[in-house]
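No value in this document is a laboratory result; all are computed from the given coordinates. Small disclaimer: the values here were computed from a predicted structure and weren't measured. All Cβ positions, even for glycine, are placed from backbone atoms using ideal geometry, and neighbour counts span all protein chains on display.
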Amino acid sequence: MSWRVSLRGYTPGLALCAVLASLAHWLAGQPWAREAGLGLLALAMLLGLLLGNTLYPRCAARADPGVALARQSLLRLGIVLYGVRLSLSQLLDLGPAVWLIDLLVVLSTFTLALWLGRRWLGLDRQTCLLIGAGSGICGAAAIVASETLVRGGQQRVAVAVATVVAFGSLAMLLYPQLFAWLGGDSQAFGIYIGSTLHEVAQVVAAGSAIDAPAAQLAVLSKMLRVLLLVPFLLLLAAWLRRAQCPGEGAARLPIPWFALGFLLVLLIQAQWPLARDWQAHLVALDDALLALAMAGLGLATPLRAVLQAGWRPLWLGGLLFVWLVLGGAAINALLLPLWR
């Protein structure tokens, strides 16, 4: 009977997150959402924020256990399953030049986030880490994954996701215009898009606005950055533990088993590839899990706390956006000739 009682306690919150995730899935398929670069995860969080700051407080006592389960345990499971999206053979076929481009973009963006955020803008370390991870790796998914180590809280996560949505959407609109102005090889420009744009959905939209070869290479380059999430989390955990960062619980930092699970799924997929139908079903399940997590995150985040963060996080996101566009272009221009 005890497990039934526990399950009953989780049901209201999980059901609420499921409703928001389903609505976000429908909205993400609308033309205006695709044109705006608003993917499933961003929409799920925005809907959670909207409801969480209006009607949710009235039922929070009943729904909180299920909401917490969604934004914690289901999030980790969603990150593990993210590995089914990647084809290791296709990523290896990109060649060392593209691997080096993505690695330099991730390292430089994250380092710049810490330096600019701490020294110039006076932001706390946790906010800098989250915005740097989201800008440098894979947007909202990297932010919520990093939060399990950084322990920045829902407010900082919401602020970091807001910067990714705002500046990633701006870059998504800018890149096709840059290609129309500059011209050149669409495949090379696709690699540039994938190595510098924030969210996977934004990469798909920007690449598709150019042509099919650009879209394909943009997605592959982006998924390579997603793969870098695993070593990034492991190194971040080791660095925080060694640095004993105040307020981040560095002395008791957990091993990010979900990151190792992500890598294990990727290796299993490479050794025993799934049939396309099974892969499609698992990707859909993963989308659902991550959308549930983002909805739960939004529900648990008071909007007033996000607004209290002020303009400095947006300044940091904006400066990183400029670096990704210009600095990322310089890195690509230097190394892409080796790709040929």
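So for 322, 105, fewest C-beta neighbours within 10 Å to most, what's the order?
Lowest to highest Cβ neighbour count: 322, 105.
From the square roots a ≥ b ≥ c of the eigenvalues of the alpha-carbon gyration tensor of segment 80-120, which class results: rounded (a/c under 1.5), prolate (a/b over b/c), or oblate?
oblate
Which angle from 0 to 90°, rounded to the nearest 10, does the C-alpha axis of helix 328-339 make with the longest principal axis of the chain?
60 degrees
If R₀ is 25 angstrom, what is the calculated FRET efficiency for the pair residue 177 and residue 315, using the beta carbon separation as r and rounding to 0.05?
That pair, residue 177 with residue 315, gives E of 0.55.
Alpha carbon centre of segment 170-210 versus segment 63-128: separation in Å?
20 Å
Which label belongs to the value computed from this structure, given these candidates for Cα extents along the principal axes in Å: [x] 62, 38, 38; [y] 58, 53, 44; [z] 63, 50, 41?
Evaluating Cα extents along the principal axes in Å on these atoms matches [z].
Which cross-chain or sequence-distant (5 or more) residues have an amide H under 5 Å from the amide H of residue 210, H modelled 1.01 Å from N in plane?
Amide H to amide H, under 5 Å and 5 or more residues apart or across chains, residue 210 pairs with nothing.
As I understand it, the value is the acute angle between the Cα axis of helix 229-243 and the longest principal axis of the Cα atoms of the chain; what does it come to in degrees, rounded to 10?
Between helix and principal axis, roughly 70 degrees.
Label residue 285 and residue 35 with points 7 Å out from Cα along Cα→Cβ: what is the distance between them in nm?
Simple spin-label model gives 3.7 nm for this pair.
Testing the spin-label approximation: label points 7 Å from Cα along Cα→Cβ at residue 61 and residue 27. State their distance in nm.
2.9 nm
Can you order the peptides 293-299, 18-24, 269-275 by their average number of other Cβ atoms within 10 Å per residue, highest first?
293-299, 18-24, 269-275
Would you mind computing, in nm to one decimal, how far apart the modelled labels at residue 260 and residue 120 are, each placed 7 Å from Cα along Cα→Cβ?
3.8 nm
Assign unit charges at the C-beta atoms only (+1 for Lys and Arg, -1 for Asp and Glu), then state the dipole size of segment 2-339 relative to its Cα centre in Debye, rounded to the nearest 20.
I would put it at about 1160 debye.
Taking the Cβ-Cβ separation of residue 88 and residue 8 as r and a Förster radius of 35 Å, what is the calculated FRET efficiency to the nearest 0.05?
Approximately 0.25, to the nearest 0.05.
Pull up all non-local amide H partners of residue 123: gap of 5 or more, or a different chain, and H-to-H distance under 5 Å with H placed in the peptide plane.
The list, which skips near neighbours in sequence, is 118.
Could you tell me the calculated FRET efficiency between residue 18 and residue 242, based on Cβ-Cβ distance and R0 = 51 angstrom, to the nearest 0.05?
0.80
Just rank 147, 35, fewest to most, by other beta-carbon atoms within 10 angstrom.
35, 147
Could you state the angle between the C-alpha long axis of helix 140-150 and the longest principal axis of the C-alpha atoms of the chain, as a value from 0 to 90 degrees rounded to the nearest 10?
60 degrees
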